[in-house]
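Structure first, commentary second.
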Amino acid sequence: MNVSILGTGYVGLTTGACLAFLGHNVTCVDADHEKIAVLERGGVPFYEPHLAELLADAHPNLCFTSEYAEAIPPAQVIFIAVGTPPGKDGAPDLRYLEAAAHGIGKHLTGEFAVVVNKSTVPIGSGNWVGSLVRDKACEKAKGRFAVASNPEFLREGTALHDSLYPDRVVIGADEEQTAEVLYTLYRPILDQTFQAPPYLPRPEELGAVPLISTDLASAELIKYAANAFLALKISYINEVGQLSEKVGADIAQVAKGIGLDARIGTRFLQAGIGWGGSCFGKDTAALIATASEYGLEMPIVKAAREINRRQRDRVVEKLLSELKILKGRTIGLLGLAFKPHTDDLREAPALDIARKLIERGARVKAHDPVAMDRFRKESESNGRLAEVFCCETPEDVAREADALVLVTEWPQYRELDWEPLAQIMHTAIVLDGRHALDRTRLTRAGFRYVGIAC
Ligand code: UGA
């Protein structure tokens, strides 16, 4: 099928690469000419494991442009995957979505096309996008398009795996004909009939992928409800972690013990500093904002946000309690990205923690295996974050530091040679913000090990 994808962020580019790999003709569109130039040269504008390889394999079926006039007329399916950053009062800023819908409307030719909302959009956006497209469409095209919702559940860092081998595909459409187009598009994924790339092997236990075919509003709500549930699952284990610390329990064992109940599940019960990233914060805020339009409070979702906010304060409190005075101390952060295997710094706990420590007079050094360049660029004009001292190696972070904080559980940090690090620190304290380090090994290496919930 001929597919156009508007927006080449994590969602748009991953979707484009996967669909092209499956044999569809895909045009990826972005207003950012520089990004398009990078993609045309075979580059990738952000760090995502295996994306460069998949783009290279899908190359014959892929093209890149900034021109809607080129991308929209031949497309049978048009994905909107533009950014919906947080706006005022928790509601997302929809200006890019609006521009995309207008751009589509202007260039529809009258051949039937399905416009798919892939960006995370507020409930009711399907209807809104439909009216925006119609406003700009010529008479011939006005009744010749339909809108669908196809929310994305990929996680950064495992985006390609999640897209090729999803737990489910959700399609929201108000007419059967619209849904049929998307079943055809996704058939190789639903039936798992494609040849898996060698660098992304198919999980052995995976059979056919379940399809949820529903109306527009339900599909839109599924996305928000899923992200909010995952966020509150993490906040729940972090709340239990606080109690666990008081009563002297081991939160990792508690999480395992409750998670092995199949009704609960072990995933997303990793206690620690809490969630960051561009999705959970934005989507929980948007869910609360939408609910308030209907006079609903969403107290559980609000509590999840509050607990998450407090986890970051707890890092500073713990350091204060260990070091007594933060003014003039040097704190080293291991990890800046909001999670491992990405260079994404949006809503990263490390940034918040660095800011709080600097405000209290501490000196902050930091290292990240892939996010350093992005951090240098983004922090240059970012208030006090510009004061963070960027280090080339974890050893440089440790040298003369009063404490290290593991903020992002990159695998290479677990494998560090801790003994020499303890020797070059001013005081050998490590705060394991992700429950990722081996307490016994660190203690043997000469560290005082401090956990966030133990
Ligand atoms: C999240 C969802 O998991 C995806 O399903 C969804 O598609 C995506 O948002 C989105 O809406 O685009 P993502 O934000 O990429 O994906 O990353 P996650 O793996 O969900 O991690 C989010 C944060 O939670 C990270 O900071 C991570 O460190 C933290 N986390 C995760 C925990 O603190 N504990 C856990 O047990 C799991």
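Quick notes on this one:
- Test: residue in region 387-407 that is open to solvent by 10 Å² or more (accessible area, probe 1.4 Å), of a type in the set (S, T, N, Q), within 17 Å of residue 340 (Cβ to Cβ) and in the same structural domain as residue 365 (by TED's automatic domain parsing): no
- Residue list for region 229-241, filter: within 18 Å of the chain's Cα centre (by Cα) and open to solvent by less than 10 Å² (accessible area, probe 1.4 Å): 231, 235
- Residues that are open to solvent by 30 Å² or more (accessible area, probe 1.4 Å) and either of a type outside the set (Val, Ile, Thr) or not assigned by TED's automatic domain parsing to the domain that holds residue 280 (or both), drawn from region 344-370: 346, 347, 352, 355, 356, 359, 360, 361, 363, 369
- Test: residue in region 209-227 that is in contact with a helix residue (DSSP H, G or I) (Cβ under 6 Å, 6 or more places away or on another chain), assigned by TED's automatic domain parsing to the domain that holds residue 12, under 22 Å from residue 49 (Cα atoms) and modelled with pLDDT of 95 or more: no
- For region 186-228, filtering for residues that are under 20 Å from residue 149 (Cα atoms) and open to solvent by 30 Å² or more (accessible area, probe 1.4 Å) leaves 12.
- Test: residue in region 150-167 that is away from the ligand (no atom under 16 Å from the Cβ) and in a loop (DSSP other than H, G, I, E, B): no
- Any hit, region 92-113, residues being polar (S, T, N, Q), free of Cβ contacts under 8 Å to residues at least 40 places away in the same chain and part of a loop (DSSP other than H, G, I, E, B): yes
- Restricting 57, 93 to those that are acidic (Asp, Glu) and open to solvent by less than 50 Å² (accessible area, probe 1.4 Å) reduces the list to 93.
The values are calculated or read from the model by the stated rules, or taken from the named source; none is laboratory data. Here the structure is a predicted model, which is why all the values come from computation and not from measurement. Positions of Cβ are generated from backbone atoms using ideal geometry, with glycine treated the same way; all protein chains shown enter the neighbour counts. Each accessible area value is taken on the protein alone, full model and side chains, heavy atoms only, with ligands, DNA and RNA left out. Shrake-Rupley method; radii C 1.70, N 1.55, O 1.52, S 1.80 Å.
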